[in-house]
Amino acid sequence: MVSEEKAGMETVMAGNYVEMETAEGGQKKTKGIKDRFSGLFWHGGSAYDAWFSCASNQVAQVLLTLPYSFSQLGMASGIAFQLFYGLMGSWTAYLISVLYVEYRTRKEREKADFRNHVIQWFEVLDGLLGKHWRNVGLAFNCTFLLFGSVIQLIACASNIYYINDNLDKRTWTYIFGACCATTVFIPSFHNYRIWSFLGLIMTTYTSWYLTIASLLHGQVEGVKHSGPTRLVLYFTGATNILYTFGGHAVTVEIMHAMWKPQKFKAIYLLATLYVLTLTLPSASAVYWAFGDMLLNHSNAFSLLPRSPSRDMAVILMLIHQFITFGFACTPLYFVWEKAIGMHECRSMCKRAAARLPVVVPIWFLAIIFPFFGPINSAVGSLLVSFTVYIIPALAYMFTFKSSDSRENAVEQPPKFVGRWVGAYTVNAFIVGWVLIVGFGFGGWASLTNFIHQIDTFGLFTKCYQCPPPALPSPVLAPFNSTVGAPAASPSPLLQPMPRLGRS
């Protein structure tokens, strides 16, 4: 009996969660065609599924705004910030995964059952550090995911306009808001298997289209690469890259969808390395070709000539933004379900109906603030900085501040960072850097730029950064080679009879 208890304890300490193993075994035993089809396209939980989810979710519409950031930062700073924030984001994603495993292991020892419950980040903070940490984490996480969903909706309207400009961007926002509302029918991150795979293919195509199309287009006449020129623009561009590599606000939900969450440790780093192969070439190539023109064109599609390849990239990005909307909104659905007591309901139709109110404020905010590009930087500095950088680093330090907690930790810090001393040093650096540079300077710059967009275009603007409509030329205007020169008088024989009342 003692040996059995010891064996059970070792299983828990290793992070091999019993109900997850049982569920995986159940999947392997199914023989029906329907179950095989569901397992292939719908119900995922492997390490590969997690990698596809992380890589697909990490870069979406920001792929189109990174050239805009390069025009604000300059080529050298743009590349340096991508590498720096990519590495920093991978480390804090690792911290979140360690805290999840620690929380999950402690709950497993208490015989907790999570088969009908999705663990979320605020619950991890609650279980490890108490209700105050839970409340702060919940506020930042939900607000970030709310605006992350808003950004995807804005991006949909911005992109489709470059294929069909018969409707303004605000009207397209109405249409895509209704389309994205269908994500209420996707139960959980288990069910994004085929979508994550297709989403990564879509971003890969778009990235290499931007790269190749820009190189083939060549540099525009008189191209200038003056960035950085102003501190406001510099820190605005930097916070957009901070936002780019801050997509791990859904790390806990992705881990919970895995059969063996303890395998997640290096997945986000591997996903980031792949994402860098997409973001660095595309942003560099577009900035090389168009230079300072990007300062007034936050969407890279707007500068590339229309072609079947560009239309294909736009369509693929639209589909991918629908997927990313689901990634950002699904955790909000879970929070709302738990708040109204519907989270453990077995009827997906009832849960879907209960989720619909979450989409309404997202829809409304996308119509109020349609500033594609500048809104990324504002969200990055004010929300991402705390949600996925400062709070995870501080939570890790406070969770393991006692010697007993460090000795009994399920996951020890890696050797290459210097174990506990190195981990605490890295975390302290991240907190200081993001607080000063990301939130401080970045918040000042991004809010200044955001307010400038409001002053220039106004709230509820109908078509943000759309080209002005061409003025129709007069029907009877005489041909004249000089613009603005007076037209020559026609022959007296061709002059019309004078009308009464005209001089």
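The values are calculated or read from the model by the stated rules, or taken from the named source; none is laboratory data. Here the structure is a predicted model, which is why all the values come from computation and not from measurement. Ideal geometry is used to build each Cβ from the backbone, glycine not excepted, and the neighbour counts take in all protein chains shown. Quick note on the areas: whole protein, heavy atoms, side chains included, nothing else; ligands and nucleic acids left out. Shrake-Rupley method; radii C 1.70, N 1.55, O 1.52, S 1.80 Å.
Placing dummy labels 7 Å off each Cα toward the beta-carbon, the span from HIS225 to ARG406 is 4.6 nm.
Coupling constants for the range 362-367 follow from the phi torsions by the Karplus curve (6.51 cos²θ - 1.76 cosθ + 1.60, θ = phi - 60°), and in residue order they are 4, 4, 5, 5, 5, 7 Hz; glycine and proline get x.
Against the empirical curve 2.2 N^0.38 Å, the C-alpha radius of gyration of the range 94-174 lands at a ratio of 1.66. For the range 152-209, the solvent-accessible area works out to 36 Å² per residue, with a probe of 1.4 Å and every protein chain left in place. Each Lys and Arg Cβ is given +1 and each Asp and Glu Cβ -1; about its Cα centre, the range 86-245 then shows a dipole of about 340 debye.
How much area per residue is accessible in the range 320-369 when the probe is 1.4 Å and only protein heavy atoms are counted (Å²)?
Details: 1970 Å² over 50 residues.
Each residue of the range 320-369 exposes 39 Å² on average to a 1.4 Å probe.
Dipole magnitude for the range 347-462: computed about the Cα centre from +1 point charges on Lys and Arg Cβ and -1 point charges on Asp and Glu Cβ, it is near 340 debye.
Residues in the range 216-294 average 35 Å² of solvent-accessible surface per residue, probe 1.4 Å, ligands and nucleic acids excluded. In terms of packing, defined here as the mean over residues of other Cβ atoms within 10 angstrom, the peptides 317-327, 115-125 line up highest first as 317-327, 115-125. The rule of thumb for compact globular proteins, 2.2 N^0.38 Å, goes into the C-alpha radius of gyration of the range 250-391 1.31 times.
Split the accessible area of the range 119-178 by element, probe 1.4 Å, and carbon with sulfur accounts for 58%. So the label point goes 7 Å from the Cα of VAL437 along Cα→C-beta, right? Which residues of the range 217-253 then have their backbone N under 20 Å from it? It comes to 227-248, nothing else.
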